[in-house]
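Structure first, then comments.
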Amino acid sequence: MSEISSAESELIGGATRQFLRRRAFWNRFAAYWLLAAALVSVLVTVGIVYVLVTESLPFFNQVSLVDFLTDTQWTPMFENARYGVMTLVSATLTVAGIALAVAIPAGLALAIYLSEYARPAVRESVKPLLELLEGVPTVVYGFFALLFVTPLLQTFIPGLAGFNMLAPGLVMGIMILPYTASVSEDAMRAVPMGLREAGYALGYSRFRVATRVVIPAALSGITAAFILGMSRAVGETMVVAIAAGQNPNFTFNPTEGAATITAYIVQMAMGDLPHGSLAYQSVFAAGFVLFLITLTFNLIGFFLRRRFREAY
Amino acid sequence: MEADATRVVASGVRFQRLVAANRRTDIMMASIGILVLMVASALLASVLVDLILTGWPRLINPDFYTNFPSRKPEQAGIISAMVGTALVMLVTAVVSVPLAVAAGIYLEEYAPKNWLSDIIDINVSNLAGVPSIIYGLLALGLFVYGFGLGETILTAGLVLALLILPVIIVATREAIRSIPRDLREAAYGLGADKWQTVSHYVLPAARPGILTGTIVGLARAIGEAAPVITIGALTFIAFLPPPPVQSTPPFVNFDWLTSPFTVMPIQLFNWVSRPQAEFHINAAATGVVLMVMTLAMNGLAIYIRYQLRKHQRS
């Protein structure tokens, strides 16, 4: 603002004081308006935390936190309702674990290939393909997991239930693959050429440069990619809601069906939940747990990526 | 190990063999990468082919696109879902684009280096990772019950707008960042002030990048089912919302905002959740329509970006 007022005294012959004042006003007005828009995004987070806390607090008045965290039954619709959230967490982690077991090796291999081996022309045409894969709606993946992958797997694994955690886990692994591959490829490409050349000067082969130089140098970025991928797998909803079943089941056995946190929320939201009932609040308590898990992953991922960007 | 290899090379004894071994690992690594790529593309293709094959009888039937949902699978159609999706996307675009572009401009051009900017920055990246179902809970607790907006098109449009806010913010920031400093300095040199520079020069130059981000964000919003399910859209909708335009003054009509609705991913979910295989045919056909829409939108975004890059290079 000081620049404008000094300009005002100098320019007073050329431009009217009123004109300059109007310009100063619009500049300040625009700056405040833009700040307000940026603050809306903060309000969204505040709103999320507010809703989750206020709706689940009454829940914890009736269900003790110890029961919530240690009970292995989740039966909100029974006469004798029990709320052991670990039932839902076990299924969530099982599915996410299967997804990562697919996405980590495949994503790493693809990232190494794209950043160290592929010619630029190949890389330029592969990236759009990955974006297209990322753009497929998750309900479609759910349909595919239930009606294509599960019957296919049942021919190999006779005991596989119609709703199981294996098929959605595998499909989800392919689903988060483009994301983990492109984030870790970005991290690898950000490693300075000089480091690679130093490796070649020592007589390293390309494979050795990739595994001994590039991957260690890009490790925080690659780790961030997989932590953020984990966060996505934990929060993914439609694939598990369609294909993993909706029966809360404390198990880590991938051939059984079990409701994840997200599937439970969907299931309860489909029925007409009376506003303010314990079952209604349990949805928000489960959502709160989900939010805390993903928030932890997201923050770790954010700081790892930031540290990586600062390093190079 | 390395020292060993070097000595052997220096003596020239097993040089050929070492080169051959390195070449083998290179070929192996490249083939693993290509294999992963091929599996991923084969999956994309098989999803599409499986949907088309399963949904074919409904896809070629014009009634499918003009009928309402029905208890009889062979008469059920997606007209209410398509109209619902179009109207919800209208709300989403109108709300999210101005907000996200403004926030992106603020973060790139205005934000001073202080704790508040840091918080906004961290907040945007965290929002991008919040699961969509959590946005659904936000909408259920705040929009439906807190503000009393009910289970309406307006609520769905708002929640999807918040969901894609980070996508468009990030795209806007990248587009603005890629604009050379010279452009700004030329504008300042002509006597433009900050807002004039931003609104007359920076923003138009960033438009293709912002457009790309918006299309990608909207494509994501079209396919999202989770946040819309939680606000209670999974209903049997056998009517259309009142049209937004009418022939009598004032020609526009906002009653549709408060209408109950369904959208395409919800309709798909509804049909795939039923035990009868006849409904799965409808679900597959809906999936084809949905995938064609999202693939077309993402393809358009990729094309715009490609053109932009070609333009910048020349």
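The values are calculated or read from the model by the stated rules, or taken from the named source; none is laboratory data. It should be emphasised that the depicted structure is a prediction, and the values quoted were computed from it without experimental measurement. Please note: Cβ atoms are built from the backbone with ideal geometry, for glycine as well, and neighbour counts cover all protein chains shown. With ligands, DNA and RNA removed, areas are computed over all heavy atoms of the protein, side chains included. Shrake-Rupley method; radii C 1.70, N 1.55, O 1.52, S 1.80 Å.
Which residues, taken from region A:90-103, are open to solvent by less than 20 Å² (accessible area, probe 1.4 Å) and of a type outside the set (S, T, N, Q)?
Those that are open to solvent by less than 20 Å² (accessible area, probe 1.4 Å) and of a type outside the set (S, T, N, Q): A:A91, A:V95, A:A96, A:A99, A:A103.
For region B:101-146, which residues satisfy the criterion of being closer than 21 Å to B:I215 by Cα, more than 7 Å from chain A (Cβ to nearest Cβ) and crowded, with 21+ Cβ neighbours inside 10 Å?
Scanning region B:101-146 gives B:V101, B:G104, B:Y135.
Which one of A:G245, A:G199, A:G203 is buried (at least 23 other Cβ atoms within 10 Å of the Cβ) and either in contact (Cβ under 8 Å) with a residue 40 or more places away in the chain or within 12 Å of chain B (Cβ to nearest Cβ) (or both)?
A:G245 is the lone residue from the list that is buried (at least 23 other Cβ atoms within 10 Å of the Cβ) and either in contact (Cβ under 8 Å) with a residue 40 or more places away in the chain or within 12 Å of chain B (Cβ to nearest Cβ) (or both).
Search region A:166-187 for residues that are under 10 Å from A:A99 (Cα atoms) and more than 10 Å from chain B (Cβ to nearest Cβ) and pair each with any residue that is hydroxyl-bearing (S, T, Y) and part of a helix (DSSP H, G or I) when their beta-carbon atoms are under 8 Å apart and the residues are at least 6 apart or on different chains.
Listed pairs, sorted by first residue: A:A167/A:T150; A:G169/A:T94; A:M172/A:Y141.
Within region B:276-297, how many residues turn out to be open to solvent by 10 Å² or more (accessible area, probe 1.4 Å) and not hydrophobic (A, V, I, L, M, F, W, C)?
Here the count works out to 3.
Grab the helices (runs of 4 or more DSSP H) fully contained in region A:104-184, keeping just those with 1 or more residues being open to solvent by less than 40 Å² (accessible area, probe 1.4 Å), in the same structural domain as A:V240 (by TED's automatic domain parsing) and of a type in the set (D, E, K, R).
Correct list: A:120-135.
Can you tell me which residue is nearest to the chain's Cα centre (by Cα) among those in region B:186-201 that are crowded, with 17+ Cβ neighbours inside 10 Å and of a type in the set (S, T, Y)?
Of everything passing the filter in region B:186-201, B:Y201 is nearest to the chain's Cα centre (by Cα).
Return the residues of region A:168-209 that are among the small types (G, A, S) and touching a Lys or Arg at 6+ places or on another chain (Cβ under 9 Å); say none if nothing qualifies.
A:S182, A:A187, A:A190, A:G199, A:S205
Would you check if B:L87 is away from every other protein chain (no Cβ under 14 Å), at pLDDT 90 or above, buried (at least 22 other Cβ atoms within 10 Å of the Cβ) and in a helix (DSSP H, G or I)?
yes
Residue by residue through region B:117-151, note down the ones that are on the phi > 0 side of the Ramachandran plot and in a helix (DSSP H, G or I).
Correct list: empty.
Which ones in region A:276-303 are over 30 Å from A:L219 (Cα atoms) and open to solvent by less than 10 Å² (accessible area, probe 1.4 Å)?
A:Y280, A:S282, A:V283, A:F284, A:A285, A:A286, A:G287
Matching residues to (1) under 27 Å from A:L290 (Cβ atoms); (2) at pLDDT below 90; (3) part of a helix (DSSP H, G or I):
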site	(1), (2), (3)
A:R22	no, yes, yes
A:A31	no, no, yes
A:A38	yes, no, yes
A:S41	yes, no, yes
A:N61	yes, yes, yes
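Working only within region B:53-71, note down all residues that are at pLDDT 80 or above and open to solvent by 60 Å² or more (accessible area, probe 1.4 Å).
Scanning region B:53-71 gives B:L53, B:W56, B:P57, B:I60, B:P62, B:D63, B:Y65, B:T66, B:F68.
Considering only region A:279-312, how many residues are more than 8 Å from chain B (Cβ to nearest Cβ), assigned to a helix (DSSP H, G or I) and either farther than 19 Å from B:V144 by Cβ or polar (S, T, N, Q) (or both)?
The number of residues fulfilling the criteria is 16.
If A:G84 satisfies every condition in (1) within 14 Å of chain B (Cβ to nearest Cβ); (2) touching a residue at least 40 places away in the same chain (Cβ under 8 Å); (3) not aromatic (F, W, Y) but one, which is the exception?
(1)
Which members of region B:202-240 meet the condition of being within 14 Å of another protein chain (Cβ to nearest Cβ) and open to solvent by 40 Å² or more (accessible area, probe 1.4 Å)?
Result: B:L203, B:V216, B:R220, B:L234, B:T235, B:F236.
Results for (1) facing another protein chain (nearest Cβ under 10 Å); (2) over 28 Å from A:A285 (Cα atoms); (3) modelled with pLDDT of 90 or more, shown as yes or no for each residue.
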residue	(1), (2), (3)
A:M77	no, no, no
A:N80	no, no, no
A:P120	no, yes, no
A:L129	yes, yes, no
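Pick from B:A76, B:A93: which is under 30 Å from B:W256 (Cα atoms), of a type in the set (A, V, I, L, M) and not in a helix (DSSP H, G or I)?
B:A76
Using the structure shown, decide if B:L99 is part of a helix (DSSP H, G or I) and not small (G, A, S).
Here the answer is yes, as B:L99 does meet what is asked.
If I filter region A:252-275 down to residues being facing chain B (nearest Cβ under 10 Å), open to solvent by 40 Å² or more (accessible area, probe 1.4 Å) and assigned to a loop (DSSP other than H, G, I, E, B), which single residue comes out as nearest to B:W271 (Cα to Cα)?
The qualifying residue nearest to B:W271 (Cα to Cα) is A:D272.
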